[in-house]
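Step one of this worksheet: look at the structure below.
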Amino acid sequence: MKTDPPPEPRATLVAHYPRARGALVLRTSTTPLGWKTDEAPVSVEGDVSTFHVAVPHGECVEAKLVRSDGAWMVGVNLVLGAGETRSLHPAFDSPDGQLREERTLEVPGAEALRYRVMLPPSYGEQPSLRYPVIYAQDGQALWSDGADPHGLWNLDRVLDALWDVRALEELIVVSVDTSERRLERLGPVPDDEHGGGQAAAHLAALVDVLKPAIDRELRTRPERESTALLGSSMGGLFSFYAAWTRPDVFGAAMCLSPSFWWADRWALRQVSRGVCPAPLPRLYLDSGAAASEHEVEGGTRDGMHHTRAMYRALVARCYEPGHDLDVLAFTGASHDASSWAARIAVPLQIVFPRPL
């Protein structure tokens, strides 16, 4: 008895793009002319175009969307497998995010905030999309055009590279310049040697003034689940403190080499003796790791023993490793901007992985 051959394996691509900006076609690596033949969508409903791509058994097909004006979708080629369904909101105009110039925001009764905003590549082309937001400390050292004498993270280049390979959810970064009175603004309580202790006022400025202004001006996802903190050293300590204190606002904190030594390990004592925040913010903590644990405290050791002590305290109280807590060590990493720049892609992908 003759039977029909099995259906040709295929992948499905669902593209969300405003029709007013141009119709979409697909080009793939499998056509006889390879990348030169337009594949029309099988259906178009409003701003949603659906494509079916034939995929030979056991193989993958590379594909890329093309807009009606001839512009190709930014980022690396899509690689599609048989039976796979991919949904995306493409961009065509620029492969990179947009880093805005510094702005100043007045804070009633306190010093003004100086901040910058980086928008993802799709922001100007996808007016229906809303984006998560990261509030980052030490903005004076984050961007590649900065002039901080202690070094730069080149965060804009890291973000562009991650977005290019679609390894990171598109998001907004708001960086706050904390170069002036840094220890005072980022230290939760006074330290006997270094002073500080005005972090509550800095936190109030972020929560009550900066975040509402950003949510009004930009298409953000303002809920706590989509709002995170980022910082290193004292900025890492502040990010931990802010998430622990205001978990209703911040759903995650990425703390690189956090200064948990501050004020005789004040933060550690708070966790050990206090009540866990509700809801729990997701925490990422890390540190450099010395070749020998007998080396003196400083740039080589990077506070790893303080970070591990905080890890133990958090797990003893209310956290589950791998679920709402990630603690990593990086061998050979020092307490400096180049080390943080080298690993910032790790927490970004942990907290904001690209949706499939």
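Each value in this text was obtained by applying a stated rule to the coordinates, not by laboratory testing. Note that this is a predicted model, so its numbers are computed, not measured. Cβ atoms come from the backbone with ideal geometry, glycine included; neighbour counts cover every protein chain shown.
Observations on the structure shown:
- Angle between the chain longest axis and helix 262-273 axis [Cα atoms, degrees, rounded to 10]: 70
- Mean separation of Cα pairs under 8 Å and 6 or more residues apart, divided by the residue count, gives region 112-248 a relative contact order of 29 percent.
- For region 302-311, 3J(HN,Hα) per residue [Karplus equation, 6.51 cos²θ - 1.76 cosθ + 1.60, θ = phi - 60°, Hz, x = Gly/Pro]: 6, x, 4, 5, 5, 5, 5, 5, 5, 4
- In the chain the longest region clear of GluC sites (Glu not before Pro) that are loop-assigned by DSSP and have at most 15 other C-beta atoms within 10 Å covers 103-179.
- Net charge of the neighbourhood of Pro9, taken over other residues with C-beta under 14 Å away and scored Lys/Arg +1, Asp/Glu -1, is -2.
- Amide H contacts of Leu229 (H built 1.01 Å from N, in plane; Pro and chain starts excluded): Tyr135, Ala252, Ala253, Met254 sit under 5 Å, all sequence-distant by 5 or more or on other chains.
- Rg and Dmax of region 130-188, based on Cα coordinates, read 13.1, 39 Å.
- For region 176-236, the mean projected area of the C-alpha convex hull, equal to one quarter of the hull surface, is 4.7 nm².
- Sorting Phe238, Phe260 by the number of Cβ atoms found within 10 Å of their own Cβ, with the fewest placed first, yields Phe260, Phe238.
- 0 to 90° range, to nearest 10: angle between helix 234-245 axis and the chain longest Cα axis: 80
- Other-chain or far-sequence residues with amide H under 5 Å of Arg221's (modelled H): Tyr131, Val133
- Region 10-88 - Rg over Rh from alpha carbon coordinates, Kirkwood radius: 0.94
- Among Thr331, Thr50, sorting on how many other beta-carbon atoms sit within 10 Å of each Cβ, with the fewest leading, yields Thr331, Thr50.
- For Leu314, net neighbour charge (Lys/Arg +1, Asp/Glu -1) across residues whose Cβ lies under 12 Å away: +1
- Each Cα pair of region 98-351 feeds into the Kirkwood radius, which the Stokes-Einstein equation turns, at 4 °C and 1.567 mPa s, into a diffusion coefficient of 71 µm²/s.
- The trypsin sites (Lys or Arg not before Pro) found in region 139-241 that occupy coil by DSSP, while having at most 16 further C-beta atoms within 10 Å, are Arg166, Arg181, Arg219.
- For the chain, averaging the sequence separation of C-alpha pairs within contact (under 8 Å, six or more residues apart) and dividing by the residue count gives a relative contact order of 12 percent.
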